[in-house]
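Beneath this line is the structure, given in structure tokens, with notes to follow.
The values are calculated or read from the model by the stated rules, or taken from the named source; none is laboratory data. This one's a predicted model, so the numbers in the text were calculated from it and none came from an experiment. Note that each Cβ is placed from the backbone with ideal geometry, even for glycine, and that neighbours are counted across all protein chains shown. To get the accessible areas, we keep the full protein, side chains included, count just its heavy atoms, and leave off ligands, DNA and RNA. Shrake-Rupley method; radii C 1.70, N 1.55, O 1.52, S 1.80 Å.
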Amino acid sequence: MAEPLLAIKNLKTYFISKDAEVRAVDGIDIEVQPRQVVCIVGESGCGKSMTSLSIMRLVPKPKGKIVDGEIWFNGRDLLKLSEDEMTDVRGNEISMIFQEPMTALNPVLTIGEQITEVLLRHRKMTKRQALAKAIEMLQFVGVPRASEIVHEYPHQLSGGMRQRVMIAMAMVCEPKLLIADEPTTALDVTIQAQVLELMKKMREDFNTSIILITHDLGVVADMADHVVVMYAGQVVESTDADSLFAEPTHPYTKGLLASIPSLEEEKDVLYSIPGTVPDAAAFPKGCRFADRCPIAQPSCREKMPELREVKPGHLVRCDLV
Amino acid sequence: MSENLLEVRNLKKYFPITAGLLRRTVGHVKAVDDVSFTVRTGETLGIVGESGCGKSTTGRMIMRVLEPTSGEIVFDGQDITKLRGKELRAVRPKFQMVFQDPYASLNPKMGIEEIIAEPLIVNGVNRKQATERVIHLLERVGLRADDRNRYPHEFSGGQRQRIGIARALALNPKLIVADEAVSALDVSIQSQILNLMMDLKKEFNLSYIFISHNLAVVRHISDRVGVMYLGHMVELADKRSLYADPRHPYTEALLSAAPEPKRQGRRERIILQGDVPSPANPPKGCPFHTRCPKVMDICKVERPALKQVAPNHLVACHLYN
Amino acid sequence: MGTYVVRRVLGMIPMMFLITVFVFLIMHAAPGNAFDAIMNPAIKDIEQLKQQLEHNAGLDKPLWWQYVHWLGLFVTGNWGFSFNHHVPVTQLIGPAIRNTLILGILAEVLTIAVGVPFGIVQARNPYGKFDYTSNVVLFCLYSVPFFVFAIFMIYFFAIDLQWFPAQGSTGTGPGAGSIGDHLYHALLPALSLALVNSTVYSRYTRGSMLDVSRKDYVRTARAKGLDEGRVFTKHVFRNGMIPIVTQFGLDFGSLVGGLIITEGIFQYQGMGQLVIDAVNGRDYNVIMATTVLIAFGVLIGNLLADILYAVVDPRIRYD
Ligand SMILES: Nc1ncnc2c1ncn2[C@@H]1O[C@H](COP(=O)(O)OP(=O)(O)O)[C@@H](O)[C@H]1O
Ligand SMILES: Nc1ncnc2c1ncn2[C@@H]1O[C@H](COP(=O)(O)OP(=O)(O)O)[C@@H](O)[C@H]1O
Ligand code: SF4
Ligand code: SF4
Ligand SMILES: [Mg+2]
Ligand SMILES: [Mg+2]
């Protein structure tokens, strides 16, 4: 395979305070190839957002810290860049969109101001050129009346339109990597379908790689080339999308898939994973899924299983499969 | 199935919009516009639709916490639409509500025992019996008797939803309206709560109105399903019939837009254009005609009535005339 | 916006009416009247003279009659004579309003100019050394009673350093009455009031800026590649000022209260002094006129703050 666009190696992001150490991301490895859509899936609190914020080096200060690891992007380790160099990367080579389109846009600035700001920061452009480009981009993402909307404020738009604006803003510098953290979770299904379609179009037209973070395996099935399943700050399964759905292997992945009610087939009783996610400040010894795992053995609680290749390209963190 | 527990006839809720110097009413948000349906004893009626289509408003009117603009609600053979004061209090225990955000609906300063016992005490149960009942309910919903001395913030989202359910069950209701009761939960927890609700239904011979925007969840738990759009019930059918053979173009689009967690044999997706129109200014004729892929001339002028097109399958669409 | 302003102004009318009724009743419920205050007990037939004067002034009529009479004259612009100063009330009030406006505006400008930047510096590095020590200082300043602080200011700046006059609103020598002279006299009282009020505003500002800097759109701004300076000036600052503007409107009434006390301490000839004198001398016409104006000022101030609120926050649309 070609040189990956992004390679995260042994990333650890912790929240450190006097009385606790929350291991939000605890030694993960993820690779993203050019033009690939990688989905990171897992339940809330498993470290998906912190992974994405770590790539952007925007982990909440002062408690959040990247304590270990490397993030290789386009031949450079982002964690070694100065803050100034990093600002040149953000919004330009890597950009990001967030879950809540309402709160992610500044309520007192017009849509136009917010989009042109990115261009004025990263491109040599006059205000007028930037505004023209912003309008062009809005039209491209399917915002109607783009030349009027640039003068309007976020609250005047619907949720779906705001997320399109966010996408326009993120794509306006044609980044190599787009990180989307639950971009459709707050949207209705018909609007979600529109936004997912738009993201596919972005990948086609700009050759952008996408990291799509979601808790919805339906969205994963629709979008992913490659899937990373996270649990309790770790990668527990990583493989291409087809084999994930054809042969889910980690007991957690299997449990997740079995818990979801289906639109098409009758399931009398849903499988449910017992218990809850362990506290990130006090992970148990050994396998972090052991308390909820239907096939756990005493040995699982002794030693942390390694992420190992069970088939070519299919990695699973479980010793018993 | 047995007789009707609830009958809703021509229910409407128009919220006034005021403006100008004298705060005159200049229009109405037609949140619910002429909705009729029944719920039989022991049945679960699912209500689906995108946000703002009037699901919660319908639920709140049935709960008699919101005054209908017009229409009738017949519960257990009694017209409860006009009940006030003492008479209303006498029937209240028979219908209860469970909400999306259990945290917002649980008083943070009250202990769990107090929260669950409150409706019992108000209805004249003595302390000792109330405590016994609280313990019984807690154990029934999967919590421990000791939990009654703790406070809402000490529980996870799923546990709080169990508390909300225990409170709703305290007075032996016949009908529970669950408004997005599992929407805020992770799938593994969601399936725990769904299974619990289905068990409780059998055990206590409950009827549910299960409101959700999640089509798969609604399919799993319901016997019949109603689809709402812009304040109208556009399709109302037996679950199997609705999901296997959706008749209304909106239902079809909604089902095709919801991504299934599988890679093979995915349905062709119908992507609707644009947003849902504002309920303050709904389109004339069929409420869906501005986005309908099968729109005809008549749709723009005449509103289609909800009519039977197959056994237990009602649709409001001119295609079926 | 137009209809909103009209509605607000119309809404002031019943408010003003109620305020005048209220003040009128309180004023007459208090024992004594203007003539008790100015009567020399040595005068012969004092009771008869007093009755005569009271009759001339209409004070022997029923209260409701007096009120209606006063109201009728007042709305037609006849604000009556001052019993004590023997000049038309309007003549007394003109310079007083001017002086109070100078003091009030100066005090507000200084309050904002000190409090807001201070809060911003604190918020830029929260829980740091500067934040911590300055909080202690501000808290001490906030806890000192205002008149103690004001007297300290007079002692230090006016008597010790002799930088400012200790009292009054104009000088006597050449240049007396010029704008510079007015500002010079207003500066010390305004500064005293501003320093105390700015402690509160720096707290608001700090809290508000910190609040905003945790918002999602600030994270978005960083994700665009903006540096911290730009993130602050373009995204944090303007949003952070919205609650300050709201607070400013809410505080308008207490600012007026503070002005009255300040004028008293500094013997500054403004509306506050006029009110205090009039109340002491039971000078009914002056009391009524000043109260109406002060109430009007507060209501207009609140309205201005609400309009300003809509200017800084595009989500606010009045109709
Ligand atoms: N500001 C913070 N302070 C302390 N812990 C945090 C903070 N933000 C997130 N965490 C913790 O980090 C873990 C991972 O969070 P996150 O990456 O947001 O999860 P996800 O996006 O998968 O839902 C969680 O256990 C969460 O409690
Ligand atoms: N108290 C209210 N005043 C005015 N409009 C309301 C009120 N409650 C709900 N609405 C409006 O009624 C419509 C239906 O709302 P709701 O029943 O909450 O929808 P749903 O639960 O399906 O998302 C929405 O357009 C909403 O804005
Ligand atoms: S290592 Fe053991 S406990 Fe962990 S997932 Fe595998 S079988 Fe389950
Ligand atoms: S009535 Fe017409 S517009 Fe409405 S759903 Fe049917 S075909 Fe579409
Ligand atoms: Mg997250
Ligand atoms: Mg709702």
Members of segment C:252-302 that are over 30 Å from C:GLN66 (Cα atoms) and open to solvent by 10 Å² or more (accessible area, probe 1.4 Å): C:PHE252, C:SER254, C:LEU255, C:GLY258, C:LEU259, C:ILE261, C:GLY264, C:ILE265, C:GLN267, C:ASN302
Top-ranked residue in segment C:212-234 [being among the hydroxyl-bearing types (Ser, Thr, Tyr) and open to solvent by less than 50 Å² (accessible area, probe 1.4 Å); ranked as farthest from the other protein chains (Cβ to nearest Cβ)]: C:SER213
Conditions (1) more than 12 Å from chain C (Cβ to nearest Cβ); (2) within 13 Å of ligand 5 (Cβ to nearest atom): number failed by A:LEU53: (1)
Residue tally, condition more than 16 Å from ligand 5 (Cβ to nearest atom), hydroxyl-bearing (Ser, Thr, Tyr) and under 20 Å from A:SER52 (Cα atoms), over segment A:228-249: 2
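Quick check on segment B:272-291: of everything there that is within 12 Å of chain A (Cβ to nearest Cβ) and surrounded by 15 or more Cβ atoms within 10 Å (Cβ to Cβ), which residue is nearest to A:LEU196 (Cα to Cα)? Talk me through it step by step, then tell me what you get.
From segment B:272-291, those within 12 Å of chain A (Cβ to nearest Cβ) are B:272-278, B:288, B:291; that's our starting set.
Those left that are additionally surrounded by 15 or more Cβ atoms within 10 Å (Cβ to Cβ): B:272, B:274-277, B:288, B:291.
Working: B:LEU272: 13, B:GLY274: 14, B:ASP275: 15, B:VAL276: 18, B:PRO277: 21, B:PHE288: 22, B:ARG291: 19 Å.
That would be B:LEU272.
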Candidate set from segment B:74-100 (those that are within 16 Å of ligand 2 (Cβ to nearest atom) and away from chain A (no Cβ under 14 Å)); member that is farthest from B:THR41 (Cα to Cα): B:PHE99
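For A:PHE245, are the conditions met, namely being open to solvent by 10 Å² or more (accessible area, probe 1.4 Å), part of a loop (DSSP other than H, G, I, E, B) and hydrophobic (A, V, I, L, M, F, W, C)? It would help to see each step written out before you state the result.
Details: open to solvent by 10 Å² or more (accessible area, probe 1.4 Å): yes; part of a loop (DSSP other than H, G, I, E, B): no; hydrophobic (A, V, I, L, M, F, W, C): yes.
Here the answer is no, as A:PHE245 does not meet what is asked.
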Of all residues making up segment A:117-129, the number that are in a helix (DSSP H, G or I) and either modelled with pLDDT under 95 or away from every other protein chain (no Cβ under 13 Å) (or both): 3
Breaking point among (1) of a type in the set (A, V, I, L, M, F, W, C); (2) open to solvent by less than 40 Å² (accessible area, probe 1.4 Å); (3) more than 14 Å from chain A (Cβ to nearest Cβ); (4) within 14 Å of ligand 6 (Cβ to nearest atom), for B:VAL65: (2)
Near pairs, Cβ below 8 angstrom, 6+ apart or cross-chain, from segment B:307-321 (under 16 Å from B:TYR243 (Cβ atoms)) to any residue that is within 16 Å of ligand 4 (Cβ to nearest atom) and aromatic (Phe, Trp, Tyr): B:VAL309/B:TYR320
Members of segment A:154-177 that are within 12 Å of chain B (Cβ to nearest Cβ) and open to solvent by 20 Å² or more (accessible area, probe 1.4 Å): A:SER158, A:GLY159, A:MET161, A:ARG162, A:ARG164
Search result, residues across segment B:291-312 that are assigned to a loop (DSSP other than H, G, I, E, B), in contact with a Gly (Cβ under 7 Å, 6 or more places away or on another chain) and not acidic (Asp, Glu): B:ARG291, B:VAL301, B:ARG303
Verdict on A:THR103 being within 23 Å of the chain's Cα centre (by Cα), open to solvent by 10 Å² or more (accessible area, probe 1.4 Å) and on the phi < 0 side of the Ramachandran plot: yes
Test result for B:SER256, within 11 Å of chain A (Cβ to nearest Cβ) and either modelled with pLDDT under 90 or open to solvent by less than 30 Å² (accessible area, probe 1.4 Å) (or both): yes
Segment A:215-246: number of residues that are in contact with a strand residue (DSSP E or B) (Cβ under 7 Å, 6 or more places away or on another chain), over 20 Å from A:CYS318 (Cα atoms) and within 10 Å of chain B (Cβ to nearest Cβ): 5
Unique residue being at pLDDT 95 or above, under 27 Å from A:ALA24 (Cα atoms) and either part of a helix (DSSP H, G or I) or open to solvent by 10 Å² or more (accessible area, probe 1.4 Å) (or both) when the list is A:ALA180, A:ALA186, A:ALA221: A:ALA221
Given (1) open to solvent by 10 Å² or more (accessible area, probe 1.4 Å); (2) within 23 Å of A:SER17 (Cα to Cα), index of the condition A:GLU83 fails: (2)
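Got at least one residue in segment C:156-165 being in contact with a helix residue (DSSP H, G or I) (Cβ under 9 Å, 6 or more places away or on another chain), assigned to a helix (DSSP H, G or I) and open to solvent by less than 50 Å² (accessible area, probe 1.4 Å)? Give the steps one after another, and end with the answer.
At the first step, the residues of segment C:156-165 found to be in contact with a helix residue (DSSP H, G or I) (Cβ under 9 Å, 6 or more places away or on another chain) are C:157-158, C:163-165.
Narrowing the set further to residues that are assigned to a helix (DSSP H, G or I) leaves C:157-158.
Next, from what is left, pick out any that are open to solvent by less than 50 Å² (accessible area, probe 1.4 Å): C:157-158.
So far as segment C:156-165 goes, yes, one or more of its residues are in contact with a helix residue (DSSP H, G or I) (Cβ under 9 Å, 6 or more places away or on another chain), assigned to a helix (DSSP H, G or I) and open to solvent by less than 50 Å² (accessible area, probe 1.4 Å).
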Residues being surrounded by 16 or more Cβ atoms within 10 Å (Cβ to Cβ) and at the interface with chain B (Cβ under 9 Å from one of its Cβ atoms) - total across segment A:263-294: 8
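Within segment B:143-178, take every residue that is outside any helix (DSSP H, G or I) and surrounded by fewer than 17 Cβ atoms within 10 Å (Cβ to Cβ) and give me the one that is nearest to the other protein chains (Cβ to nearest Cβ).
Initial filter on segment B:143-178 (outside any helix (DSSP H, G or I)): B:143-144, B:150-151, B:155-156, B:170-178.
Of the ones still in play, those that are also surrounded by fewer than 17 Cβ atoms within 10 Å (Cβ to Cβ) are B:144, B:150-151, B:156, B:172.
Numbers: B:ARG144: 14, B:ARG150: 16, B:TYR151: 18, B:SER156: 6, B:ASN172: 25 Å.
Taking the candidates together, the pick is B:SER156.
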Subset of segment A:96-115 (residues that are at the interface with chain C (Cβ under 7 Å from one of its Cβ atoms), of a type outside the set (Val, Ile, Thr) and under 12 Å from C:HIS235 (Cα atoms)): A:ALA104, A:LEU105, A:ASN106, A:PRO107
Sole residue being more than 22 Å from B:VAL182 (Cα to Cα) and more than 16 Å from ligand 6 (Cβ to nearest atom), chosen from B:GLU43, B:GLU118: B:GLU118
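Which members of segment C:235-247 meet the condition of being within 22 Å of A:GLN163 (Cα to Cα) and within 7 Å of chain A (Cβ to nearest Cβ)?
Here is the first cut: in segment C:235-247, the residues within 22 Å of A:GLN163 (Cα to Cα) are C:235-236, C:239.
Hits for segment C:235-247 are C:HIS235, C:ASN239.
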Test: A:LEU198 is at the interface with chain B (Cβ under 7 Å from one of its Cβ atoms) and under 19 Å from B:SER256 (Cβ atoms): no
Residue selected from segment B:191-242 under the condition open to solvent by 30 Å² or more (accessible area, probe 1.4 Å) and outside any helix (DSSP H, G or I), by the criterion nearest to the other protein chains (Cβ to nearest Cβ): B:HIS213
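Conditions tested, residue by residue: (1) in a loop (DSSP other than H, G, I, E, B); (2) within 16 Å of ligand 6 (Cβ to nearest atom); (3) more than 18 Å from A:SER209 (Cα to Cα); (4) not basic (Lys, Arg).
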{"site": "A:PRO4", "(1), (2), (3), (4)": "yes, no, no, yes"}
{"site": "A:PHE15", "(1), (2), (3), (4)": "no, no, yes, yes"}
{"site": "A:VAL22", "(1), (2), (3), (4)": "no, no, yes, yes"}
{"site": "A:VAL25", "(1), (2), (3), (4)": "no, no, yes, yes"}
{"site": "A:ILE30", "(1), (2), (3), (4)": "no, no, no, yes"}
{"site": "A:CYS39", "(1), (2), (3), (4)": "no, no, no, yes"}
{"site": "A:LEU58", "(1), (2), (3), (4)": "yes, no, yes, yes"}
{"site": "A:ASP88", "(1), (2), (3), (4)": "no, no, yes, yes"}
{"site": "A:THR103", "(1), (2), (3), (4)": "no, no, yes, yes"}
Strands (runs of 3 or more DSSP E) contained in segment B:1-103 and holding at least 2 residues β-branched (Val, Ile, Thr) and modelled with pLDDT of 95 or more: B:24-40, B:44-48, B:70-75
Unmet requirement for C:TRP163, which otherwise passes all of (1) without any contact (Cβ under 8 Å) to a residue 40 or more places away in the chain; (2) farther than 23 Å from C:VAL109 by Cα: (2)
